[in-house]
Structure formats: structure tokens, C-alpha cells
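A short reminder: the numbers here are calculations on the coordinates, not readings from a lab. It should be emphasised that the depicted structure is a prediction, and the values quoted were computed from it without experimental measurement. Every residue, glycine as well, gets a Cβ built from its backbone with ideal geometry; the counts of neighbours run over all protein chains shown.
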Amino acid sequence: MCVLALAFDEHPRWRLVLAGNRDELHARPAAPLARWDGAGRVLAGRDLQSGGTWLGVSEAGRLAVVTNLRGYGPPEAGRPSRGLLLADLLTGDGDYAKPSDEALDGFNPFNLFAFIGGELAFWTNRPKSERRVLGPGLYGASNGPLDAPWPKTVRLKAALEAWLAADGERPEALLGALVDDQPPVVQAGPPSDAPEPPQTPIFIRNPRYGTRCSTVVAIDSDGRGMIVERRYDAEGAATGETALAFGWPW
């Protein structure tokens, strides 16, 4: 994912809500959201180049989502796929189901939200490995530190907050906020060394590298959940949508 907003225990009905976009090379092959075969009861899309996923849930009460973290140079070839880290966290099995800090250091830079065992946590591995338990609140991340006020992160968090305030009847309505392709108005100021241009919108329209899919996850206080994925082509046109229901053992 390249921008996401997440609300935890911020609404009387919805215990956890997430909305985010995956930006990636359009040529990189991926399978759409589906229930995976095998153990773990995972619901996620799948990266067909390196394996794993960028966001998923499991019916064992797990959620994991990752963003790249910029500002530390280009990705280094030969490091393990961050998508495989997510896959192991979601299934609860594999080399990275319970990774050490040393193992996390071996991945290219990332931010990661994980809900496991009834606990929401934020992980990152730059400038060093850090794991932080998060309490109730509204969080956002893009390709910088947790809750860094990048314009698109601020805008998406505001959209999620407004949806919650309006009683949040239809989680899929959040997909509308994820197609916001208007560059934010940036005040003139001194040159910035930010790792991303400040005018970047929530939704990226670019024929080579852009928004590939938007995803919304919502789980209510009774453990009833839904995950919706809408996919886009290189022109930014919607090409398909998948919605799956699932249950969590709160």
C-alpha cells in the first residue's frame, strides 16, 4: 500500500476500519482479492512476482498491511519480499510468523500495521526496528513515518473521520475517497527534502506506475467483517471489484 488510514475503536459499531490504495508498476502481475487455499483462512490479493500480499485479513482474527518507506535509498535486490512477511503474519505460519528484529532488519524499508491476538501494533525497520502497540485512535501512513502529515495521508484520514462521524452505514462508500486524484494545494515555502513530492494525490493516474487497487476493510463489534477491493487499469479506469464477508473471533 502507498497510503492508508485506519481507525481502531473509534466508532460504537465499527471496531476496526481501514481504507487504502496500492500504488505499483502496472506491469507487475497480481491476482485479485480472494480466499487463499490452505491453512490460515486468508483473504487477500496476491503478488504474482514475489509472492505474498500487500494487505489481507484472516478469519483467525488477523490483519496485516504494509507500505514502502522512502528516504533510505532504492530497494536492494536480494532482500526477502515484504509481501512474504505479510503472508506469514496472516497465516501464523512460516519463517516470518514471529519475526525477530534481526529478521525485520533484513527487509527493504517498510511500515506495517498488524492486528494479531486482539492487539493492534505498528512495526517499522528504519532507521531501526521498532514495534509499538497502538491504542484506540485514528492512524495514517504513506511512505514516511507513522502519521507524518503528508497531504494525501492527512486528506484520507479526514475522509475516514468524516465517514465515522456520519455513522458509517456503508463501508464501501469509502472507496470514493480513495479515487481523489486532486493534487493538494501546497503553500510556497523553502525547498523540501521530503522523500515524496508534496503535491502527490491519494489516487495516482500514471500509465507506468499508479494506483492498482483500492481496498476497504471494516469489522464490527460482533466480529462481522467485510473486505472490498476495486481494481484499476493503467488509465485509472475501474476494471473489477470483489467484496468478501468474513468473521472474527473477538
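Just want the answer: with Cβ charges of +1 for Lys and Arg and -1 for Asp and Glu, which residue in Tyr139, Trp163, Leu84 is farthest toward the dipole's positive end in the chain?
Ranked along the dipole, the leading option is Leu84.
Using only alpha carbon pairs under 8 Å that are at least six residues apart, calculate the relative contact order of the chain and give it in whole percent.
23
Using θ = phi - 60° and the Karplus curve 6.51 cos²θ - 1.76 cosθ + 1.60, what whole-Hz ³J(HN,Hα) does each residue of the range 148-153 get, with Gly and Pro shown as x?
Values per residue, Gly and Pro as x: 4, x, 5, x, 5, 5 Hz.
List Asp37, Asp9, Asp147 from most exposed to least, where exposure is judged by having the fewest other Cβ atoms within 10 Å.
Going from sparsest to densest Cβ surroundings: Asp37, Asp9, Asp147.
Springs between alpha-carbon atoms under 10 Å, Gaussian network over the chain: tell me which of Pro151, Pro32, Pro127 tops the mean-square fluctuations.
Fluctuation is largest for Pro127.
Would you order Ser214, Ser81 from fewest to most other beta-carbon atoms within 10 Å of each residue's own beta-carbon?
Sorted ascending by nearby Cβ count, the order is Ser81, Ser214.
Using a Gaussian network model on the chain with a 10 Å cutoff between Cα atoms, which of Leu16, Leu48, Leu178 fluctuates the most?
It is Leu48.
Which shape class applies to the range 1-148: rounded if a/c is under 1.5, otherwise prolate when a/b exceeds b/c and oblate if not, where a ≥ b ≥ c are the square roots of the Cα gyration tensor eigenvalues?
Verdict is rounded for the range 1-148.
Relative contact order for the range 112-165 using alpha-carbon pairs under 8 Å, separation at least 6, rounded to a whole percent?
Value for the range 112-165: 19 percent.
What list do you get for Met1, Met226 if you sort them by fewest beta carbons within 10 Å?
The order, fewest Cβ neighbours first, is Met226, Met1.
Would you compute, from DSSP H runs of 4+ residues alone, the mean residue ellipticity of the chain at 222 nm, taking -39500 (n - 2.57) per run and dividing by the full residue count, rounded to the nearest 500?
-3500 deg cm²/dmol
Considering only Gly40, Ala30, Leu120, whose Cα is most displaced toward the positive end of the charge dipole of the range 1-131, charges sitting on Cβ of Lys, Arg (+1) and Asp, Glu (-1)?
Final value for the positive-end residue is Ala30.
Tell me whether the chain comes out rounded, prolate or oblate; compute the Cα gyration tensor, take square roots of the eigenvalues as a ≥ b ≥ c, and use a/c under 1.5 as the rounded threshold.
rounded
Would you please state which residues of the range 81-115 a label at Val133 would reach in this model, taking the label point 7 Å out along Cα→Cβ and a backbone N cut-off of under 14 Å?
So the set is 115.
If packing is taken as the average number of other Cβ atoms within 10 Å across a peptide's residues, how do 169-175, 158-164, 132-138 rank, most packed first?
158-164, 169-175, 132-138
How large is ³J(HN,Hα), in whole Hz, for each residue of the range 124-129 in order, when computed from phi with the Karplus curve 6.51 cos²θ - 1.76 cosθ + 1.60 and θ = phi - 60°, using x for Gly and Pro?
Per residue, the Karplus-derived 3J(HN,Hα) values read 8, 10, 9, x, 8, 5 Hz.
Looking at the chain as a GNM with Cα springs under 10 Å, which of Gly73, Gly94, Gly144 has the largest mean-square fluctuation?
Comparing Gly73, Gly94, Gly144 in the GNM, the peak value goes to Gly73.
Rounded if a/c is under 1.5, else prolate if a/b beats b/c, else oblate: with a ≥ b ≥ c from the C-alpha gyration tensor eigenvalues square-rooted, which is the range 5-69?
Oblate.
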